[in-house]
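Everything on this sheet refers to the single structure shown next.
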Amino acid sequence: MIELKVNGKSHNLSADPDTPLLYVLRNDLQLNAAKFGCGLGQCGSCTVLVDGAPTLSCVTPIMLLEGRQITTVEGLGTPEDPGPMQRAFIEEQSAQCGYCIPGMMMRAQALLQRNPRATDAEIRAFLEPNLCRCGTHMRILRAVKRAASLMAGPGSTPSTQTPSAASTQIDASDADSDAQLDRRRPVHSEKRERPER
Amino acid sequence: MNKVLSRRISRRAVLRGTGALVLSFSLAPRAWSQAAEGAAAGGSSKLPGSLGKNPSLDAWIRVDANGRVTAFTGKVELGQGIKTALLQVVAEELEVPFDQVSLVTADTSRTIDEGYTAGSHSVQDSGTALRNAAAQVREILIAEAARRLKMPGDKLHADAGAVIGPNEARITYAELVSTNLLHVEAQPVSRLKDPGFFKVMDKPVQRVDIPAKVTGAAAYVQDMRLPGMLHARVVRPPSYRAKLLQLDVSNIEKMTGVVQVIRDGNFLAVVAYREFQSIKAMQALSRAAKWQEQAALPQPARLHEYLLGLPTQDQVILDKHDPAGQAAKTLEATYTRPYISHGSVGPSCAVAHLTEGVMTIWTHTQGVYPDRQAIAEMLGLPKEKVRCIHVEGSGCYGHNGADDAAADAAVIANALPDRPVRLQWMREQEHGWEPYGPAMVAKARASLDSAGRIVDWDYGVWSNTHSMRPGPAGSLLAAQHMEKSFPVPEPRPIPQPEGGGDRNAIPLYTLPSARVTSHFLRDMPVRISALRSLGGQMNVFAIESFMDELALAAGSDPVAFRLSHLDDPRARDVVAAAADEFHWSARPAPAGGHGYGFAFARYKNLAAYCAVAMQVRVDHETGRTRVLRVTAAVDTGQVINPDGVRNQIEGAILQSLSWSLFESVSFDTTRITSVDWATYPILRFGSVPETLTVRIIDRPGTPFLGCGEAGQGPASAALANAVANATGKRVRDLPLNAVRVKAIIGV
Amino acid sequence: MKTFVTRHLVIRLLWILGVLVVGFMVYAWRSSIPPIESPAADSFDTGSVQRGAQLAALGDCATCHTAPGGETFAGGRPVVTPFGTIYSTNITPDPGTGIGHWSQAAFQRAMREGVDREGDHLYPAFPYDHFTLVNDTDSAALYAFVMTRQPVQARTPENHLPFPLNMRLLVAGWKLLFFKKGPYEQDAEHDAEWNSGAYLANGIGHCGACHTPRNSFGAEIVAQHFGGGEAEGWHAYAINADSKSFETWNAEDLHMFLSKGWHDRHGDAHGPMAPVSQNLAAVPDADVKAIASYVASVMGKRDQPSGKSTASDTPSNDTGAAIYAVSCASCHDGTRPLPFGGVKLMLSTAVTGESATNLINVVLDGLHPPEGTAGAIMPGFSSTLTDGQLESLVAYVRSNLGAQPPWTGVETSVREARSRERD
């Protein structure tokens, strides 16, 4: 039996000690977020935190993790009460298929925990080990910046108005909640053209 | 322009039926005006979108006794946001709050057969069908309310799930519905809402699937857990034609947790109780298997020469000879692209369960009906005894391993009745066995007159088919590998106007004299099938690179040159918008490795219009290209979710940059050798552009145009054009990797 | 009497000292070579520029003269030495911040004598103790190459050197003791290929700058040429007769390793060696062959693999064995061949060699090829392994796989490697 501390709770597991953490999280603990992407440590889809450090759970056998604190996306918040990183990704609509996103979130979480004011360049460099095949990179970067400002607390400047986000005026308010929708008349910004016909 | 669309319609006018908007969406470019004419003539028999596949309204929309609406679609969520978009469509036309609608996606037992979720058809086909069905259901509910209230229908309107009338009359949909109320045939013409009154369509509604995906709720087929579920892995041969010579499974059967080893001809699989046990058993099984291989792949260094040497079935798809000016200058160029991998981040997975004589398979296939058909044929079961239910996988970008994983799971579950089996492909299997986007060659030749206008044009493209989807059982790996194997189906070209290898081979430009030939290659040494945009990416890469070469020869600005050959006003608008957003005319001359490129295409000449402008910087010492600034403009007809459109175009551009900068499937004469991310590197954050903006040209009231694939071709070509501008040298062979670019720019 | 003699002695010593100081100043002083107009790029012969490009690749110039994320050849990369940090200079032909005003004579003097255009001595972090061997033709080719690069405006940061090391004049003293001016002289006892290899390896290739141990003045110990050294937190193995590789390196092995960056019986090039082999892809094969043949001859022949311990010497190490079995064996004992599979660790000098540093570095950081290029990806285990687990693993790999006597100071090496970690 191996005891693991995951998202603040202790679990006694009967899995073999050489089992990579990823399968234990998914199968023994029914935690869906960390994903199988390659099993080779090449893509980052399986990223979790071990004592706050980003770790590839697909190549980490559980026997090495006794006494360590493991954090997964499920430890960042719930569907009913999402944490700042999760809110940021929802508000920026930062996903296409979404498969790589939990790995991105955990990697970013590790960065922001140690460097809350990470610059754009630092975020890009830090996310290098994580692959996204759908091409959601621009949104992922915006979401991480947004998460940083959400984590910094109220009164900090919202980071949605980054230059790369300002494709049209719609963008900035696009990320706001649906509450706006019913009251919104189809007022198109000058960049959404409705040519004369 | 169709006058009906341009007339300002008041809401009351619509409801009074005096200003019925007549819109019928189908594939042919001028069909909407034809349908309008047909309607005026008293009704066309053609139903809009996919309604023709099942004209009964309750096959599409149901309202239950609580007023909750369920919509049904034969399309599936691939991560492109279609679930949300279709919900928006239904909520809008049916006048119900967005959160009161749920959507059932492709399931062979519950939904219509809409073929594959592919080809950017989903909003055009399913969206159109659901929009019209929802509108007609609304009218039926209003009519029922009118009957009960004994009032003329034109005094009533629908809002927020109820029918409202004068003197505070209000009947909810829940109160109105009855059995079979919606079991009526759809009409060819619907009263569609004026876009001026949209509450939820054409709005950036947040995607319904994202919250689950960022909080660890179950969202993918990989997350499925059924009671008693076993874990399975296949062992694939080391190469396409390998034959299993010898295998001693006794040691593997004895491994801890192993339930069964399955061998059927060259098909090998192992099942265990726990996932890691199944992986270890798979590794042991792989070591124990001895194969005889055949060197049947072309020489990689001479791939394109090889393709050009294959026998072809030629089809001239454009042949026009209008009078034109005198040719003053003639240019010729040959372009190539390698095999490109889908490279889905999540290797394919399926869960299968044979119980009470029915095989149920949960799969992320793009086409549950065709996959079901193929699997039924493979297993020798009647189709009714096989059910395929779509559950999301990771992005597939076309025909990846999903259908095969479903077949593998079915074969295994067939050997273990009453026990659910989860079959997960490994990374190397997804990379090694998925059907790639075909390698292609294109040759272009054109002449300019002395005024710099194109006077003749000759274009030829060499390609395999771009679809080997099921269908026939033989399209499935398991069926090819089993003892009683099924033959690989005969490949066929996909006819125009959609096209396969010749998709987008006909430029949208006005060319007085033009001949376009599709050289269909039947021989497929490497396994291929549909990859996002099919031949579109290559043909647009080639044509738009060539347009740039012609513009240079004509001494013209690349954008001005295109506009001078482009008559379609929507195309012109998109080109102008991208150039404007980019500040194209203010761009400096290329210097210090910086370069600027532009490209345009209308996907399939039928779907969305997209133009891309790009600024890059090429490092002279390494040949490495950094993409700095990208601007795209897209016209996708009536927009359902602008954020969804933007997401798709951004994604297409980034994916296409990855293809175009880095990617090519590698192989030797026997085996595929690019089997993981080390051997098939793709774009990472270090290569992401500094800025990427997408401008949407809104066309409310016009037919939906699919945009999911519209960005691939223009992005490739804009990149190639920017690199040529930066370096003064033209690379015509994808990928434009550092080695190739450095070689052409020299010291 | 004594006082008189002492005073006389003191005066005489002072005179001698004075003469020595003046003599030293005379020796140390170098004239400024007048600046020239930046030569036009097309004034250089293409063949010369191309040969210069190859020599620059052999010399790995871009690696040192490019800051992380900076423009190529624009300098600004910090070179950490035991004496302080020195920044590489901008060698683009920018007139203001680069060498745009340097004549060919000035360039050659820098290479041959370690003196810049204005007459200041260069710190031997710029390995002119090797570049001095470069002959005049090659020097001219290198000049043609650098002067045809893209000029970049980038001011070189100030060096961080404590007094008195920040006084460049003192470097002349260093040169007096340790610097032997070139160019290379043919060794008649060896053939043309050997000489070509020696010329390239010891000259522009400056292999000894990493692979030779240094004395406390930071100068290479000539008598221990190729006896092993340190570079940027990595150990550069002994590549002479003291080589601890499991299998002997012959010229073919070295040729493959240098040109491809890997060899299935030896391993991969990592750390500072990775860019070396990446650059050698741009170099004519004959040059790489020559270097390989020279180095092979320096290594000499060995009849059997170096020192295998007997089984009874091998300590039992259950923790290390367990960690290896679960974390490493799937790749390193797998069937996938190099360059994408893991090397059999007993073959790697990272295991059999004289230092634990490289093994520790790779286990902690993994291997990451440049973006967009195919190359082995190994995950790092820095967040997975505690220091204790890492030490057990290292001991297991060294003793049980490498069959070597244990390294000393592994704890210290682990601590130092951790302090260098970025993630």
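Rule-based calculations on the coordinates, nothing more; no lab input. If you're wondering where the values come from, they're calculated on a predicted model, not measured in any experiment. Here Cβ is always computed from backbone atoms with ideal geometry, including for glycine, and neighbour counts include all displayed protein chains.
What the Cβ-Cβ distance of A:Glu128 and B:Ser666 gives, at R0 = 25 Å and to the nearest 0.05, is a FRET efficiency of 0.65. Here the Gaussian network model covers chain C, with springs between Cα atoms less than 10 Å apart; of C:Thr46, C:Thr335, C:Thr81, C:Thr335 fluctuates the most.
With n ≥ 4 as the cut-off for DSSP H runs, can you work out [θ] at 222 nm for chain B, using -39500 (n - 2.57) per run divided by the number of residues, rounded to the nearest 500? Walk me through the numbers before you get to the answer.
Numbers: 20 runs with 211 residues, N = 747.
Rounded to the nearest 500, the figure is -8500 deg cm²/dmol.
Hey, if you drop one equal point scatterer on each alpha-carbon of region A:2-74 and run the Debye formula without solvent, what base-10 log of I(q)/I(0) do you get at q = 0.11, 0.19 Å⁻¹? Normalising to I(0) and taking log10 leaves -0.20, -0.65. Distances over 25 Å make up what percent of all Cα-Cα pairs in region B:328-452? Every Cα pair in region B:328-452 considered, those over 25 Å come to 40 percent.
Within the straight-line cut-off of under 16 Å between alpha carbons, the aspartates and glutamates reachable from C:Lys260 are C:Asp60, C:Glu252, C:Asp268, C:Asp285, C:Asp287, sequence neighbours fewer than 8 places apart in one chain being disregarded.
With θ taken as phi - 60° and the Karplus curve 6.51 cos²θ - 1.76 cosθ + 1.60 applied, the whole-hertz 3J(HN,Hα) list for region C:234-246 is 10, 9, 9, 5, 4, 10, 10, 5, 7, 4, 9, 5, 5 Hz, x standing for glycine and proline. Anisotropy class assigned to region C:104-168 is oblate, per the alpha carbon gyration tensor with a/c at or over the 1.5 cut-off and a/b no larger than b/c.
Counting other C-beta atoms within 10 Å, which of C:Met167, C:Met378 has the fewest, and how do the rest follow? List each step's numbers first, then the result.
Working: C:Met167 10, C:Met378 22.
Ranked by crowding around the Cβ, least crowded first: C:Met167, C:Met378.
A cut-off of 5 Å between modelled amide H atoms, ignoring neighbours fewer than 5 places along the same chain, links C:Glu230 with C:Ala236.
Farthest towards the positive end of the charge dipole of region B:227-291, among the residues B:Ile252, B:Ser278, B:Phe267, is the Cα of B:Phe267, using unit charges on the Cβ of Lys, Arg, Asp and Glu.
When C:Thr89, B:Thr179, B:Thr336 are sorted by how many other C-beta atoms sit within 10 angstrom of their C-beta, beginning with the fewest, the order is B:Thr179, B:Thr336, C:Thr89. The spacing between region C:1-29 and region B:687-743, judged by their C-alpha centroids, is 76 Å.
Note on chain C: GNM, Cα springs under 10 Å; of C:Pro284, C:Pro183, C:Pro82, the largest mean-square fluctuation is that of C:Pro82.
Can you give the Rg/Rh ratio of chain B, where Rg is from the C-alpha atoms and Rh is the Kirkwood radius?
Result for chain B is an Rg/Rh of 0.99.
The phi torsions of region B:233-238, fed into the Karplus equation with coefficients 6.51, -1.76 and 1.60 and a -60° offset, translate into couplings of 9, 9, 10, 8, x, x Hz, rounded to whole numbers, with Gly and Pro shown as x.
Pairs from the table (A:Lys145/B:Lys75; B:Lys383/B:Lys484; B:Lys254/B:Lys484; B:Lys193/B:Lys385) lying more than 31 angstrom apart at Cα are A:Lys145/B:Lys75; B:Lys193/B:Lys385. Debye calculation, C-alpha points only, no solvent: report log10 I(q)/I(0) for chain C at q = 0.07 Å⁻¹, in the same order as the q values. Log10 I(q)/I(0), no solvent term: -0.40. With θ taken as phi - 60° and the Karplus curve 6.51 cos²θ - 1.76 cosθ + 1.60 applied, the whole-hertz 3J(HN,Hα) list for region B:263-271 is 10, 9, x, 8, 8, 10, 8, 9, 10 Hz, x standing for glycine and proline.
For chain C, modelled as a GNM whose springs connect Cα atoms under 10 angstrom apart, the maximal fluctuation among C:Tyr199, C:Tyr27, C:Tyr143 occurs at C:Tyr27. Note on A:Asn12 and A:Arg114: the model spin-label points, each 7 Å out from Cα along the C-beta direction, lie 3.5 nm apart. If the only charges are +1 at each Lys and Arg Cβ and -1 at each Asp and Glu Cβ, what is the size of the charge dipole of the protein assembly as shown around the Cα centre, to the nearest 20 debye? My answer is approximately 2120 debye. For region B:93-242, the fraction of alpha-carbon pairs lying more than 21 Å apart is 62 percent, rounded to a whole number.
Using Cα-Cα distances under 8 Å and only pairs 6 or more residues apart, what relative contact order does chain B have, in percent? Don't skip to the end; give the middle numbers.
On the way: 1769 pairs, mean separation 100.6, N = 747.
Answer for chain B is 13 percent.
Full extension of the segment from C:Thr386 to C:Met25, taken as 0.36 nm per residue of separation minus the current Cα-Cα distance, would add 124.5 nm. Its relative contact order, with pairs defined as Cα atoms under 8 Å and 6+ residues apart, puts chain C at 13 percent.
A straight line joining the Cα centroids of region B:155-221 and region B:403-476 runs 37 Å.
Sorted from longest to shortest, the spans of the Cα atoms of the protein assembly as shown along the three principal axes equal 142, 80, 69 Å.
What fraction of the DSSP beta bridges in the protein assembly as shown is antiparallel, stated in percent and rounded to the nearest 5? Approximately 75 percent, going by the DSSP bridge assignments. For region B:134-217, what does the alpha-carbon gyration tensor say about shape, rounded, prolate or oblate, given a ≥ b ≥ c as the root eigenvalues, a/c under 1.5 as rounded, and a/b over b/c as prolate? Note, shape of region B:134-217 comes out prolate.
With a 10 Å Cβ neighbour count serving as the proxy for reagent exposure, in which order, fewest first, do A:Thr60, A:Thr119 appear? Write out the running numbers ahead of the final one.
Working: A:Thr60 28, A:Thr119 10.
Final ranking by Cβ density, sparse to dense: A:Thr119, A:Thr60.
Can you bin region C:192-299 into rounded, prolate or oblate? Criterion: square roots of the alpha carbon gyration tensor eigenvalues sorted a ≥ b ≥ c, rounded for a/c under 1.5, prolate for a/b above b/c, oblate for the rest. Please report the intermediate quantities before stating the final value.
Numbers: a/c = 1.44, a/b = 1.28, b/c = 1.13.
Since a/c stays below 1.5, the shape of region C:192-299 is classed as rounded.
Rounded to the nearest 0.05, what FRET efficiency do B:Val488 and B:Ala143 have when you use their Cβ-Cβ distance and R0 = 41 Å? Numbers along the way, then the final one.
Working: r = 54 Å, r/R0 = 1.31.
It comes out at approximately 0.15.
Cα centroid separation, region C:74-145 to region C:376-391: 39 Å. Note on B:Asn251 and B:Gln299: the extension gain reaches 13.4 nm, defined as 0.36 nm multiplied by sequence separation minus the Cα-Cα distance. Only Cα pairs under 8 Å and 6+ residues apart enter the sum, and on that basis the relative contact order of region A:1-113 stands at 30 percent. Three principal axis extents of region B:603-688 based on alpha-carbon atoms, in descending order, are 48, 34, 23 Å.
When the helices of chain C are scored as -39500 (n - 2.57) per DSSP H run of n ≥ 4 and the total is divided over every residue, the value at 222 nm lands at -12000 deg cm²/dmol.
When the charge dipole of the protein assembly as shown is built from unit charges on Cβ atoms (+1 for Lys and Arg, -1 for Asp and Glu) and taken about the Cα centre, the candidate among B:Ala143, B:Val63, C:Leu170 whose Cα reaches farthest toward its positive end is B:Ala143.
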